[in-house]
């Protein structure tokens, strides 16, 4: 198994039809002990139990540094180590440039970008102490092509920021054998976009995807497992596209 004896933390992982939970399920199948972090209303502890008793759910708000630190303290007390962090938590909003309010901007930037920073800061001391670790951050094809299917410009900005943050951390942390990489999903079939794309628009979208389908959560999860595992042990600072060819560059 690729992740035997590893402990993996996944933020925003309690949505059972989301990328986080798909990755949690696949990591668990590969031998990892999984920690699902999410807001209280998402019931991360109940979701984690569905994977097995050896897994853990923790309530945490990634936009709050004290909450992130407390969550990692709880993980260390129970699990004793942290090998993998998947910075998956994020939100999106369908806004045009002139429609973005200060509250919109703060909400989207805070979860994706501030959350990735705070969670990385919380785990890095533990990874450095053991001279090993893998951090995976979720960006988006929206950051690469200047806009996505549903998210507004502030979403593209947040996800572009994640790319820059991850690359900078990769340069800084490589000496400690800590790898930091990004995935950039294209359009993936999750609850966040369910029912929001009309049939005629979907036909047009598919015509611009060489693989002629939208992605499934497991398509992303497989790439996350790859970046978490020793199969990618000489990869750091990379951007792994998961978009069916929507963006070929």
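Only residues that are farther than 18 Å from residue 6 by Cβ and surrounded by fewer than 15 Cβ atoms within 10 Å (Cβ to Cβ): list them for the range 28-48, please. Across the range 28-48, the qualifying residues are 40, 41, 46.
Selection over the range 185-222 of residues that are under 17 Å from the mean Cα position of the chain (by Cα), outside any loop (DSSP other than H, G, I, E, B), without any contact (Cβ under 8 Å) to a residue 60 or more places away in the chain and closer than 19 Å to residue 145 by Cα gives a count of 1.
Against the test of being surrounded by 13 or more Cβ atoms within 10 Å (Cβ to Cβ), in contact with a helix residue (DSSP H, G or I) (Cβ under 8 Å, 6 or more places away or on another chain) and at negative phi, the options 135, 205 yield a single qualifying residue, 135. For the range 162-184, the count of residues that are touching a residue at least 40 places away in the same chain (Cβ under 8 Å), part of a loop (DSSP other than H, G, I, E, B), surrounded by 15 or more Cβ atoms within 10 Å (Cβ to Cβ) and within 19 Å of the chain's Cα centre (by Cα) is zero. For the condition exposed (fewer than 15 other Cβ atoms within 10 Å of the Cβ) and within 20 Å of residue 89 (Cβ to Cβ), residue 230 does not qualify. Does residue 122 fit the bill of being surrounded by fewer than 16 Cβ atoms within 10 Å (Cβ to Cβ), modelled with pLDDT of 95 or more and more than 13 Å from residue 161 (Cα to Cα)? No; evaluated as a whole, the condition is false for this residue.
When each of 12, 18 is tested for being on the phi > 0 side of the Ramachandran plot, touching a residue at least 40 places away in the same chain (Cβ under 8 Å) and touching a helix residue (DSSP H, G or I) at 6+ places or on another chain (Cβ under 9 Å), the lone residue that passes is 12. Just for the range 50-77: of the residues that are in contact with a strand residue (DSSP E or B) (Cβ under 7 Å, 6 or more places away or on another chain) and in a helix (DSSP H, G or I), which one is nearest to residue 107 (Cα to Cα)? Among those that are in contact with a strand residue (DSSP E or B) (Cβ under 7 Å, 6 or more places away or on another chain) and in a helix (DSSP H, G or I), it is 71. Taking the listed residues 122, 129, 160, 143, the one that is touching a helix residue (DSSP H, G or I) at 6+ places or on another chain (Cβ under 6 Å) and under 25 Å from residue 79 (Cα atoms) is 122, with no other qualifying.
The values are calculated or read from the model by the stated rules, or taken from the named source; none is laboratory data. Remember, it's a predicted structure, so these values are computed and weren't measured experimentally. All Cβ positions, glycine included, derive from the backbone under ideal geometry; neighbour counts span all protein chains shown.
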